[in-house]
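A quick write-up on the structure given underneath.
The values are calculated or read from the model by the stated rules, or taken from the named source; none is laboratory data. Only a predicted model underlies this, so the values are computations on that prediction, with no experimental measurement involved. Here the Cβ positions follow ideal geometry from the backbone for every residue, glycine too, while neighbour counts run over all protein chains shown. Heads up: the accessible areas ignore ligands, DNA and RNA and are worked out on the full protein's heavy atoms, side chains in. Shrake-Rupley method; radii C 1.70, N 1.55, O 1.52, S 1.80 Å.
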Amino acid sequence: MADRDGRVALDTASDRQDCEKDDTVTTLKADDDAFRLSSIILDPTSIQPATPDIEHERSVAIFDLVEENRFHPVGHEDGGPYRLDLSMVERKLVMDIKLENGDQIATHILSLTPFRRIIKDYFLICDSYYEAIKTATPSKIEAIDMGRRGLHNEGSQILQARLDGKIDTDFSTARRLFTLICALHWRG
């Protein structure tokens, strides 16, 4: 579905098996629904369309993120809910935060260089995991999965650190945002 600017908002049903709950790092009140994302829009001019599998992964990541999140742009105490417009400019992720009505709140530009190694390693271990589930023993699959989750957590912690002072999120939201960043990089 395209909005008035021609951007596409993805959302589909999901299987949240990889989004384990971990609210040990929380900077927001859990009962405050005003500080959350209500939609995420990918800019089709800077984020290229991909294979159906990759588009599905992006859709699932967006659905999961919108379904459950804590998102508080630092300095905006009136609350949302917020719309997050994502685009890529020269290998940087542009996070344009608006209210649902389109009023501009903030724009943050994140270099993706600090994520390069972790995303590469994450994709390698995911490939190993998908190969292992075909033939490996349950203990081997579990070991690979633990490594995959560890890398995912590491990427989420890097993301939270990069957003510090800009956007407050809980750890579960950072995990879902990192999942979306990975899905935006996945080449298939």
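Those residues that are in contact with a strand residue (DSSP E or B) (Cβ under 8 Å, 6 or more places away or on another chain), open to solvent by less than 50 Å² (accessible area, probe 1.4 Å) and in contact (Cβ under 8 Å) with a residue 60 or more places away in the chain, I need them from segment 89-137; list them, please. It would help to see each step written out before you state the result.
Step one: list which residues in segment 89-137 are in contact with a strand residue (DSSP E or B) (Cβ under 8 Å, 6 or more places away or on another chain), which gives 89, 91-100, 102, 104-112.
So of that shortlist, the ones also open to solvent by less than 50 Å² (accessible area, probe 1.4 Å) come out as 93-99, 102, 105-106, 108, 110-112.
Within segment 89-137, Leu93, Met95, Ile97, Ala106, Leu112 meet the criteria.
Yes/no per residue for (1) in a loop (DSSP other than H, G, I, E, B); (2) closer than 17 Å to Thr173 by Cα; (3) at pLDDT 90 or above; (4) not hydroxyl-bearing (Ser, Thr, Tyr):
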| position | (1), (2), (3), (4) |
| --- | --- |
| Ala13 | yes, no, no, yes |
| Thr26 | yes, yes, no, no |
| Phe35 | yes, yes, yes, yes |
| Ser46 | yes, no, no, no |
| Ala50 | yes, no, no, yes |
| Asp53 | no, no, no, yes |
| His72 | no, yes, yes, yes |
| Asp85 | no, yes, yes, yes |
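Just the residues that are assigned to a helix (DSSP H, G or I) and either free of Cβ contacts under 8 Å to residues at least 40 places away in the same chain or closer than 17 Å to Ile54 by Cβ (or both), please, taken from segment 154-173. Walk me through how you get there before you give the answer.
Quick first cut of segment 154-173, residues assigned to a helix (DSSP H, G or I) only: 154-163, 171-173.
Scanning segment 154-173 gives Glu154, Ser156, Gln157, Ala161.
Return the residues of segment 38-87 that are within 20 Å of Asp164 (Cβ to Cβ) and either touching a residue at least 60 places away in the same chain (Cβ under 8 Å) or open to solvent by 70 Å² or more (accessible area, probe 1.4 Å) (or both); say none if nothing qualifies.
Leu65, Asn69, Arg70, Phe71, His72, Pro73, Val74, Glu77, Leu86
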